[in-house]
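*Asks:* So that we are looking at the same thing, I have put the structure below in structure tokens.
The values are calculated or read from the model by the stated rules, or taken from the named source; none is laboratory data. All of these numbers come straight from a predicted model, not from anything done at the bench. Neighbour counts run over all protein chains shown; Cβ positions are idealised from the backbone, glycine included.
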Amino acid sequence: MARTALSRGPLNTRLKSFNQLTISSSISRTDTMDFRDYEQDKQIIQEFLKEYFVIDDNGEKVFKYALSMEKLANRDEALLTVDLADLSRFNEGLYEAVLGNTKRYEQLFHQTLDDLLPKYVTKEVIAKDIMDVFIEQRRFIAQRNQGPNQQATQQAENTYPPELFRRAEVSFKPANFISTPIRMVKAEHIGKLVTVRGIVIRVSDVKPRITVACYTCDQCGYETFQTVTTPEFTPLFECGSMTCKASKNFGRLTLQTRGSTFTKLQEVKLQEHSDQVPTGHIPRSITILAFGEQTRRCVPGDHVSISGVFLTLERSAYRLRTGGLSADTYIQAHYITKMNKTEDDELNVEPMSSEEATQFIQGGEDFLNRLSRSIAPEIFGHDSLKKALLLLLVGGVDKSPNGMRIRGNINICLMGDPGVAKSQLLAFIDRLASRCQYTTGRGSSGVGLTAAVMKDPITGEMTLEGGALVLADEGICCIDEFDKMLDADRTAIHEVMEQQTVSIAKAGIMTTLNARVSILAAANPAYGRYNMNRSVTDNLQLPPALLSRFDLLWLIKDRPEQQRDLDLAQHVTSIHKNPNAPQTVENEAIDMKVMRRYIELCKTKNPIVPKELDDMLINIYLEIRDRKRTASSPDDALFTSPRSLLAIIRLSTAFARLRLADKVEEDDVKAALQLFKSSRESIEGAADGGHSVGQAVLDLVKEIVDGTHRLSDFIKIARSRGFDVNDVNTALERLQKMDAVELDQEADEITLIG
């Protein structure tokens, strides 16, 4: 109807009718909108800061923010963190207003603190900073020039911006950690409080950013202050004093850094997690600007949750023309915390207390076995391998004798046939470890693993951006499909695995980055499945220089065995029927959060190797080297070097850490040696081919055959134990030539001799 009415009559009449309709519609929308009274909100904020209390353990009231304001007034602290959960309980309307207009209410909190903090001063500031001296000097000059007139002095002080006196910072802590995906942060969130999660890929240096610029006129000496609220600003050029205006000879303003105030600024680049990336897209990143006390809260590689205000940064002049965009976006950080990668809760990396650890250890008789079986409980078997992965999480103890650095991190390489759950084990370790990076061999280059030279978009300087190994510093780096890496890329991790550093000499940058990381690699044999007729080197096709850097090399062979296959099939079907994690053989699996806290407690221990164990370790090494010397072929003793002794020492200290002991005991060394031998036997037994199979068949003959036994029944039993029929027949013929057994093919009999 309105459209029909406007379509008739002269143009002036139609425009008048259109304006009336526009005004009436805007009035109707205004009636439905909820306008906030900011002066009333300031009163509510003041009541909240003064009167909000919590009940402590003794049942007494504790005025939470009043105590914080007292510390701020006495300059014991510089940051007031407002928990929005407290604000929600105090006033739900104000809580919703803060979420929807965070930038405005940040200013209201600052203004309220400016009024309240002088009332909470309980002691005189002894150590004065530069700004205290500057303000006292200006007050003295104002009183001297204007005499005893207090009103004139008060008016002179009012020319100072409040940011010049402000030393307290305000930040908002979210009521929950429910995050918004980075790619879903859009224009509707501008000015609002948003929470994003991701991995920190780059952190800049902390630099000073000006907040109040002080200028001095070279003609009249008048001081002018300019409040700066954006990273870019236009300096003042003309003096605004009455003297210069009267003479019409404006002096030149000079920036005075002594009278200006600065705040710390750090730029953080946050990239979204891989599970938030849609199919066919690349991960997006967002810029985080941290100010003041929010700086130095994270390092590259951390999985963090950042809550802040989503704002725009307008480009100006030349950058606007060359950039092509009218504005950039960023998040002003208010609360930064480390997060778990898979759960929407704050990552509790605090280690267990001694009392909790004592109860945790006494929870079961065989505590270490229960702890190791809780690693990937959905995966059947692999008990010794899971124990080795537990030692990888705990790690050994770093040593620095006479300036030489000996790593304590444990490196493990998993090899085996397809379908033996190597990748699943790596994925579980990636979820369990508090700091871990997961990558694949074919999808990683040498630069992606170590560090890349990038150009800083702000300063234009060449900077280093850490790769997977640098981001996983003091953590674990899981590399799947390790055998698919190119040789040039694989050599990039040689230095990392032994020296724990990454040396860079690119684009005029020569430096050494820390990469104190444990490597967990998974590789497939070169021919798809492990070929028993080939040597270890031919099967793996990895250089000995790289394999010797692994403390444990574990080969997982897929052998058909009737009883084991039955148990595995029942286990897999139970997992598909029950969505929860299955129970282990004796006990229920330990929760990942509890395991993570216990592992952090174990890392605080630094057990030593006592002198009484020196002879034991020396004899172990001599025995291993003697096996190498007497071996029939070099491949029988797999890559045995002095690094093998260091590996046993690292495993021993890791076992002592798991017991929360301060000294390595003989049982720890024996357990480490048993684990070391198990890993080597898994490869040497497969590489030995006919000899190991013949010994196993002979052991089976001694177990089953008592005098004379039916040959077909023996072969059937051997097949149920996982032996291949051709291997059994070949082994029996070899044993017959050695006069260990006697075969009668016509009578279908086998006889054990001796």
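*Asks:* Restricting to the stretch 398-436, and then to whatever is outside any strand (DSSP E or B), hydrophobic (A, V, I, L, M, F, W, C) and over 25 Å from Leu471 (Cβ atoms), can you tell me which residue is nearest to the chain's Cα centre (by Cα)?
*Replies:* By that ranking, first place goes to Ala421.
*Asks:* Among the residues of the stretch 546-559, count how many are part of a loop (DSSP other than H, G, I, E, B) and either modelled with pLDDT of 80 or more or more than 21 Å from Ser384 (Cβ to Cβ) (or both).
*Replies:* 4
*Asks:* Consider Ala468 carefully, then state whether it is modelled with pLDDT of 85 or more and over 30 Å from Pro231 (Cβ atoms).
*Replies:* So Ala468 passes the test.
*Asks:* Please specify each residue of the stretch 231-273 satisfying the condition of being under 30 Å from Met339 (Cβ atoms) and either of a type in the set (Asp, Glu) or in contact (Cβ under 8 Å) with a residue 60 or more places away in the chain (or both).
*Replies:* The answer is Pro231, Gln266, Glu267, Val268, Lys269, Leu270, Gln271, Glu272, His273.
One line per residue, one yes/no per condition, for (1) modelled with pLDDT of 75 or more; (2) within 30 Å of Glu465 (Cα to Cα):
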site: Thr491; (1), (2): yes, yes
site: Val496; (1), (2): yes, yes
site: Arg516; (1), (2): yes, yes
site: Ala522; (1), (2): yes, yes
site: Ala526; (1), (2): yes, no
site: Asn531; (1), (2): no, no
site: Pro544; (1), (2): yes, no
site: Leu566; (1), (2): yes, no
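*Asks:* If you go through the stretch 228-253 one residue at a time, how many are of a type in the set (Val, Ile, Thr) and either surrounded by 14 or more Cβ atoms within 10 Å (Cβ to Cβ) or not assigned by TED's automatic domain parsing to the domain that holds Gln332 (or both)?
*Replies:* Adding up the residues that qualify gives 2.
*Asks:* Among the residues of the stretch 380-397, is there at least one that is in a strand (DSSP E or B), in the same structural domain as Gln500 (by TED's automatic domain parsing), modelled with pLDDT of 80 or more and in contact with a strand residue (DSSP E or B) (Cβ under 9 Å, 6 or more places away or on another chain)?
*Replies:* no
*Asks:* For the stretch 1-72, which helices (runs of 4 or more DSSP H) that fit wholly inside it have 1 or more residues that are modelled with pLDDT of 90 or more and in contact with a Leu (Cβ under 9 Å, 6 or more places away or on another chain)?
*Replies:* Per the criteria, 38-51.
*Asks:* Go through Tyr120, Tyr160 for me and flag whichever is under 47 Å from the mean Cα position of the chain (by Cα), of a type in the set (Ser, Thr, Tyr) and modelled with pLDDT under 85.
*Replies:* Tyr160
*Asks:* Please enumerate the residues belonging to the stretch 710-744 that are closer than 29 Å to Asp567 by Cα and not in a helix (DSSP H, G or I).
*Replies:* Arg710, Arg721, Gly722, Phe723, Asp724
*Asks:* Consider the stretch 463-496. How many of its residues are under 20 Å from the mean Cα position of the chain (by Cα) and either of a type in the set (Gly, Ala, Ser) or closer than 9 Å to Thr450 by Cβ (or both)?
*Replies:* Summing the residues that are under 20 Å from the mean Cα position of the chain (by Cα) and either of a type in the set (Gly, Ala, Ser) or closer than 9 Å to Thr450 by Cβ (or both) in the stretch 463-496 gives 8.
*Asks:* Based on this model, can you work out whether Tyr335 counts as of a type outside the set (D, E, K, R) and modelled with pLDDT of 70 or more?
*Replies:* Criteria met by Tyr335.
*Asks:* Something else now. Go through the residues of the stretch 270-277 one by one and say whether even a single one is assigned to a strand (DSSP E or B) and on the phi < 0 side of the Ramachandran plot.
*Replies:* yes
*Asks:* For residues that are of a type in the set (A, V, I, L, M) and without any contact (Cβ under 8 Å) to a residue 12 or more places away in the chain, tally how many sit in the stretch 55-95.
*Replies:* 3
*Asks:* Oh, and also: Anything in the stretch 163-186 that is modelled with pLDDT of 90 or more, among the hydrophobic types (A, V, I, L, M, F, W, C) and over 16 Å from Glu106 (Cα atoms)? List them, or say none.
*Replies:* Ile182, Met184, Val185
*Asks:* Return the residues of the stretch 213-232 that are among the aliphatic types (A, V, I, L, M) and not in a loop (DSSP other than H, G, I, E, B); say none if nothing qualifies.
*Replies:* The one that is among the aliphatic types (A, V, I, L, M) and not in a loop (DSSP other than H, G, I, E, B): Ala213.
*Asks:* Please go through the stretch 704-718 and pick out each residue that is touching a residue at least 40 places away in the same chain (Cβ under 8 Å) and surrounded by 13 or more Cβ atoms within 10 Å (Cβ to Cβ).
*Replies:* Within the stretch 704-718, Val705, Thr708, His709, Arg710 qualify.
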